[in-house]
Amino acid sequence: MKSSIRPTPINALASLTAAALALPAISTEVIADTSPYEFSMSYQATHYQEDNVDDSAVYSGDSERYTIDIQQFRVVAPINSALAVILNIQDETLSGASPWYVDKEANPDKPVVMSGASIKEHRTDASIQTTYYHDNGSLGLTAGISEENDYASSSLGLGASFNFNDKLSTLSVGVSGSNDSIEPTQGNVPTNTIKDDKQSSSAFVGLSQVINKDTIIQVGSSFASAEGFLSDSYKLNDRRPDSRQRWTVNTALRQHYSSIDSTLHLDYRYYGDDWEMQSHTVDASVWVELGDHVMLIPSVRWYSQSDTPFFANTADSANKYHSSDYRLSSYGAITTGLRAQCKYGDWLIAGTAERYESGKELGIFDGDESPVLVEFTRVSMSIDYTF
């Protein structure tokens, strides 16, 4: 262990490569291709608060939506120069009300029926990742479990990275699978199943290329498949197909500007699935170094998605598949955020605040707007200590 705490300047390369390309729908973390050489512990607390539903649109139920508190703990333990273990634990509590259904045909002025503030959930996640590092890359295995009042999931993933071209190029690949079981709590809102399950699998491939000392580009793609019970058990007459295939294409740029001690992170993702939904995401942030120890990271994210053919702002339809879940509607969203972090010696302390706004006018796709689109505020604080 280190014998003293000393001032340590923020590393420009860490700024350049941090928050690398995220490949969604993959339970396996992207495996790093260099072994961590120090033991570290991290803790983060997050508070998530959804805005209330407009009272004028609520026919019955409680308009107060979800409040979620999350605590995350992470340990990185190098065993030797070629082997490392990472342990992640997350504890989450949720309370509030959720839209049960929307029916503009029966109640055009007040179409929203909420669940009432009876929903209370507690979820615990744990995962362990073991990674072996060699001269030209790495190989990692991840296993995870998740449990809450009415849901249980187990997952397993395998990932690998391969360096070539004098280690200026890195190819990353991975596969994962999970098995989920649901047994809805029979509360104030009737559920549409007693007990069911689903199985999911996914795969990804990504390529990272160092262009020069200041520029990295990344491209990637993923595919995921799910089969089983895919409906929302807490929505009225929610009937969805029992299979879903999803795919994404990602690109990313990391550009460092040494003259202003800043790094641009720019990401784009396209998403599509066989439910005829597609989306676009553009994410931009600037990592600004303020002296040797402080960094500010303003960010903005734009998102737009189309709806599924079976989405409707009605309580039911004659169609085989039907849902009034806003998550299957057409909408757009803007997320703005600011992160501040300070590194001094072995310690890194950070705080993040984000605001998420949504609306049909923010998107580019046609379709009906749901009256219960979510908007939220999220704040978090974290502390990291390296031995």
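The values are calculated or read from the model by the stated rules, or taken from the named source; none is laboratory data. Note that this is a predicted model, so its numbers are computed, not measured. All Cβ positions, even for glycine, are placed from backbone atoms using ideal geometry, and neighbour counts span all protein chains on display.
Restricting attention to region 92-135 and to residues that are touching a Lys or Arg at 6+ places or on another chain (Cβ under 8 Å) and not in a strand (DSSP E or B), the residue that is farthest from G157 (Cα to Cα) turns out to be P111.
Which of the residues that make up region 227-253 are part of a strand (DSSP E or B), buried (at least 20 other Cβ atoms within 10 Å of the Cβ) and touching an Asp or Glu at 6+ places or on another chain (Cβ under 9 Å)? Listed by number, the residues that qualify are N250, A252. When restricted to residues that are under 30 Å from D242 (Cβ atoms), in contact (Cβ under 8 Å) with a residue 12 or more places away in the chain, surrounded by fewer than 18 Cβ atoms within 10 Å (Cβ to Cβ) and in contact with a Phe, Trp or Tyr (Cβ under 9 Å, 6 or more places away or on another chain), region 318-368 contains 6.
Out of the residues in region 77-106 that are more than 28 Å from Y151 (Cβ to Cβ) and aliphatic (A, V, I, L, M), which is surrounded by the most Cβ atoms within 10 Å (Cβ to Cβ)? Can you show your working first?
Within region 77-106, the first condition is being more than 28 Å from Y151 (Cβ to Cβ), and the residues that meet it are 77-84, 104-106.
Applying the additional criterion that residues be aliphatic (A, V, I, L, M) yields 77, 79, 82-84, 106.
Values: A77: 15, I79: 12, A82: 13, L83: 13, A84: 22, A106: 12.
Result: A84.
Is one or more of the residues making up region 213-233 at positive phi and in contact with a strand residue (DSSP E or B) (Cβ under 9 Å, 6 or more places away or on another chain)?
Within region 213-233, the first condition is being at positive phi, and the residues that meet it are 228.
Narrowing further to those that are in contact with a strand residue (DSSP E or B) (Cβ under 9 Å, 6 or more places away or on another chain): 228.
Checked region 213-233: at least one residue is at positive phi and in contact with a strand residue (DSSP E or B) (Cβ under 9 Å, 6 or more places away or on another chain).
In region 272-317, the residue that is surrounded by the most Cβ atoms within 10 Å (Cβ to Cβ) out of those that are at pLDDT below 95 and charged (D, E, K, R) is D316. Restricting attention to region 182-199, and to residues there that are part of a strand (DSSP E or B) and either more than 15 Å from E121 (Cβ to Cβ) or at pLDDT below 70 (or both), which single residue is farthest from the chain's Cα centre (by Cα)? The selected residue is D196. For region 139-158, the count of residues that are over 30 Å from L230 (Cβ atoms) and either among the aliphatic types (A, V, I, L, M) or touching a residue at least 24 places away in the same chain (Cβ under 8 Å) (or both) is nonzero.
With respect to being polar (S, T, N, Q) and crowded, with 16+ Cβ neighbours inside 10 Å, T67 falls outside the description. Count of region 230-257 residues, restricted to those that are at pLDDT 95 or above and either over 17 Å from K320 (Cβ atoms) or of a type in the set (F, W, Y) (or both), is 13. Report yes if V113 is closer than 30 Å to S63 by Cβ, in contact (Cβ under 8 Å) with a residue 12 or more places away in the chain and more than 19 Å from the chain's Cα centre (by Cα), otherwise no. Criteria met by V113.
Taking the condition of being in a strand (DSSP E or B) and not polar (S, T, N, Q), how many residues in region 259-317 meet it? Break it down into steps so the answer makes sense when it comes.
So in region 259-317, the residues in a strand (DSSP E or B) come out as 262-273, 278-290, 294-305, 311.
Then keep just the ones that are not polar (S, T, N, Q); that gives 264-273, 280, 282-284, 286-290, 294-298, 300-303, 311.
So the count comes out to 29.
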